[in-house]
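In what follows, a single structure is set out as C-alpha cells and then discussed.
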C-alpha cells in the first residue's frame, strides 16, 4: 500500500513539473507585434493613401510639390462631419477639405486674404467666374496641431460653387472676420500621402 501511495505522489509530481515546463516555454515566446514600424516612403501598392485618415504631421506630394499638414480642424454641423487640413506651399496658405457625404469629396483651397468680399449675396462674380451660393451654416470645430485657432470653438461658413469644379468659400471663426478662399476639386490620385509615424 505504501508503494502505491509513493507511486501516485511521484506521478503527480512528474505531471506538475511537466505542466510548469510547458507553461514556461509558452510564456517565453515573444508576443506577436501588432504593427511593425514601417517606412512611410515605401511603396505600399496604393499611390494615394487614405484621405480620411489624414492628420497633422502627414506629408502630401502634389507632383513635384511636397508639403506637410501642419494642423487639422475637425468640424461637425448636426450629423455632418468633415476635416480641413492646413498646409503652406511656397508661402501660400492652403487647406484640403475632406468629407464623406456619402461619397468622398475633396477640395484644395487657397486662402485669398487680399479679397475684400463678404458672403452677402446669392451670386458673386470674381475674376470672370460667377459663383452661386450652395450652402450656408455654422459648425463646431476642434483644432489639432498648428491652425492659428483656439483648441475648440464655433465657425460660420458660406459655400459658393462655380463651373468646372471651382469653388469660393467664406469662413468666420469665433465671430472673427470673413476669410475668403478659392478652391478646386481634388481627387485621391492628385496627390500621394506619406503618413507620419
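No value in this document is a laboratory result; all are computed from the given coordinates. This one's a predicted model, so the numbers in the text were calculated from it and none came from an experiment. Positions of Cβ are backbone-derived with ideal geometry, glycine not excepted, and every protein chain shown enters the neighbour counts.
For labels at residue 146 and residue 64 in the simple 7 Å Cα→Cβ model, what's the distance in nm?
2.5 nm
With every atom except the alpha carbons ignored, what do you get for Rg and Dmax of segment 65-132, in angstroms?
Answer for segment 65-132, Rg first and Dmax second: 14.3, 37 Å.
Could you put 167, 160 in order, starting from the residue whose Cβ has the fewest other Cβ atoms within 10 Å?
Ordered from fewest to most neighbouring Cβ atoms within 10 Å, 167, 160 come out as 167, 160.
Neighbouring Cβ atoms within 10 Å as the yardstick, rank 135, 144, 90 fewest first.
Ordered by Cβ neighbours within 10 Å, fewest first: 90, 135, 144.
Could you tell me the relative contact order of segment 39-156? Use alpha-carbon pairs under 8 Å, at least six residues apart, and round to a whole percent.
Numbers: 185 pairs, mean separation 24.9, N = 118.
For segment 39-156, the relative contact order is 21 percent.
At 7 Å along Cα-to-Cβ for each site, give me the label-to-label distance between residue 103 and residue 190 in nm.
Rounded to a tenth, the inter-label distance reads 1.5 nm.
Treat each spin label as a single point 7 Å out from the Cα along the C-beta direction, and report the residue 76 to residue 136 distance in nm.
2.6 nm
In the calculated pair distance distribution of segment 51-194, what percentage of Cα-Cα distances lie above 23 Å?
Counting pairs separated by more than 23 Å, the tail of P(r) holds 32 percent.
What FRET efficiency would be calculated for the residue pair residue 48, residue 120, taking the C-beta separation as r and a Förster radius of 30 Å, to the nearest 0.05?
The value I calculate is 0.20.
Order by neighbour count: 156, 151, fewest other Cβ atoms within 10 Å first, most last.
151, 156
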